[in-house]
1. Acidic (Asp, Glu) and under 30 Å from Asp624 (Cα atoms): is that true of Glu380 in this structure?
2. Can you tell me which of Phe190, Phe146, Phe159 is part of a helix (DSSP H, G or I), in contact with a Ser or Thr (Cβ under 8 Å, 6 or more places away or on another chain), not assigned by TED's automatic domain parsing to the domain that holds Ile54 and not acidic (Asp, Glu)?
3. Only residues that are under 22 Å from Phe453 (Cα atoms) and surrounded by fewer than 17 Cβ atoms within 10 Å (Cβ to Cβ): list them for region 471-486, please.
4. Select, from Glu74, Glu47, the only residue that is more than 22 Å from Ala142 (Cα to Cα) and modelled with pLDDT under 90.
5. Of Leu597, Leu592, which residue is in the same structural domain as Leu548 (by TED's automatic domain parsing), touching a residue at least 60 places away in the same chain (Cβ under 8 Å) and not in a helix (DSSP H, G or I)?
6. Which of (1) surrounded by fewer than 18 Cβ atoms within 10 Å (Cβ to Cβ); (2) outside any helix (DSSP H, G or I); (3) in contact with a helix residue (DSSP H, G or I) (Cβ under 6 Å, 6 or more places away or on another chain) is the odd one out, the single condition Glu489 does not satisfy?
7. Check Lys12, Lys88, Lys96 and return the single one that is basic (Lys, Arg), in a helix (DSSP H, G or I) and surrounded by 14 or more Cβ atoms within 10 Å (Cβ to Cβ).
Amino acid sequence: MTEIKTNSYMKKDLKPATVDELKSAFEKCHNYIYANEGLLKEKIFNEILKLIFIKMVDEKSNQTYTNFYINDIEFEELKGGKKSQFSKRIIELFEKVKSQFSDIFQDPNEKINLKPLTLGFIINQLQNYSLIKTPVDVKGIAFQTFVYAHQRGERGEFFTPIPVINLILKIINPKENEKIIDPACGSGGFLVGTVKLTNKNIQKQSEFEIWGVDINPDLIKVAKMQMILNDVAHNHIFTANSLLSQNNLESFDVLMTNPPFGSKGKISDNQILKGFELGYKWSQKEGKWKKGKLVDGQAPEVLFIERCLQFLKNGGRMAIVLPGGILENPSQKYIRKFIRNKAKVLAIIKLPQETFIPYGTGISASILFLQKLSPHQIKEEIQKNYKIFFGIIENIGYEGTKIGKLVYKRNEKGEIIKDEKGVSIINEDITEITEAYKDFIESKQFVNSNKIFLRNYNEIKGRFDPKFYQPMYKELRKNLLKAGAVPLEKVVNIISKKAQILRNPEALIKYIEIGDINTISSELISYNEMKVYEAPSRASYEVRKGDLITAVAGVSTGTKKHASAYITEEFDGCICTNGFRVLRTKNEELNLDPFYLLYFLRSKEFLMQMYRYRTGATIPAVSDTDLKKILILIPEKRIQDEIVKKVKRSYRLRRESQKIMNKLGNGMFNEI
């Protein structure tokens, strides 16, 4: 046990803690309990939580001196196994906690399940700090770290980083007289953030109503504790499943939430699914959407979108953190249509990949800001062709590591930049984006960039992802069309039908994977011979001499390492993976040479379009529908012939180089 530091137990002598001090104290407490009590992390969480409540109640009492302490004499008594006033004092404090917060500690017989010496160690770690004096942000970060260590995303819940909470609060801008809810509140990040932003106090609670709901009772305890620490009523924070039937729908002005997502499980209870339009299958035919049967299972974040809109009054505003797929995947287009039918899209902000890494996942996510309106109001807004704000955060302010170390702005010499007060400036884009949004809603002058921009409603087609609508892509498309570019489907047939030879399990095939292309030279360099039954299920298309293949799936799609190649005689008849599409030139009028098309497949103009049309985070892919839309620039025949001549020459030179290397072999060693 560490040395006992406290000599005075007057409350005025307690000091506010820093983030590092509080995080370190929680970590030491956890490690000591784990080593000396043998408890699982969930049990450790509950025991530490009890002691935090005890400390909080002790600090809030009217007494001048604290009872939450252990001194040298008491410590020696515990070491010697003697009875001590210490244990009795802490047990009495816990009885006060249970009496004062019977809604949180509902079992009157609940005890502190720690040995006296362990109890003494934990209290020693916390006794010199004042939780009340400690700033809200410091407590928030420390509690979030503490909770994450013990409640680590088993259901797909990932705690919302403080910078993301602050971003959402500044854009949603809750007012003092508004009724606010987080239906998946976790440890209460948005609730506490709202308290800090509005700077309200207990005397004005009648004007200040905050609701928090979560399915996890342990997290609700933390949420309530944080509200109590900030002198805010916690009677509207409770344990419940927000997806079950609710009595308080259409009653909230503001909603902010980061629902569980990315989890392995889906909601499959038909009684729940029946309560949601998004609990059914939807199909599109001739531009109209038709509702079908109940789905077998639906991702919780999808149902939360609908439930969140149901919670809002007409005119209410909401912000919801969602996985990137909902905003871009073709299979989830029906969700985006549902949103457009129910709400006005205020803003969409993309978070960087590292946002949630310190909290256990590298999932791509964005924030969707909506305003619930009636069908008539939505129709009016659409007729106005209203503007939507888009933002892309590139710098979140911390590293994408387990620790999430802060990242600071640096000058050309690599030195940390400081403000006029000498404080190091964090490298983040959130401030710039929130200020730009404020200018937007105040109708101030707004200059589009690739990071912050506006789009009219009628420009938003099937997707919501901000990167798809970046101005650079709009400019590229405009320039290509001006130069006479045509869609890919006008110049090639896209072969996407399985080869007949694959019907014969015993047939011998030559199989091509994406890795068989040298992406530097856009040349096929190898294949693998195997029987059909040995081939992977992705073996799909037969290629012929003169065809082109280009990758439509994989992390390199649309990057400098994008794989495309011309099929030479050596690879005629090979079978390629469905990660490629086979392109066969067809338009004789355009007289498009395959070697020129290969050149264009390597161009920045082609790669930018491919990257834009990618969907999916784990294995990005471009659909056939989008591939057909790719614009191909076809120059006059003289320029095209010059390019073809050079591309053919590069192929010829590489073949000659390969012959020389093969001929050389190991012959030189025969003379040694």
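The values are calculated or read from the model by the stated rules, or taken from the named source; none is laboratory data. This is a predicted model, so every value here is computed, not measured. Neighbour counts are summed over all protein chains in view; Cβ atoms, including those assigned to glycine, are modelled from backbone coordinates with ideal geometry.
1. Considered against the rule, which asks whether it is acidic (Asp, Glu) and under 30 Å from Asp624 (Cα atoms), Glu380 comes out as no.
2. Phe190
3. Across region 471-486, the qualifying residues are Pro471, Met472, Lys474, Glu475, Lys478, Asn479.
4. Glu74
5. Leu592
6. Unmet condition: (2).
7. Lys96
Yes/no per residue for (1) free of Cβ contacts under 8 Å to residues at least 60 places away in the same chain; (2) surrounded by 21 or more Cβ atoms within 10 Å (Cβ to Cβ):
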site: Leu294; (1), (2): yes, no
site: Glu306; (1), (2): yes, no
site: Gln310; (1), (2): no, no
site: Ala319; (1), (2): no, yes
site: Ser331; (1), (2): yes, no
site: Tyr334; (1), (2): yes, no
site: Ala343; (1), (2): yes, yes
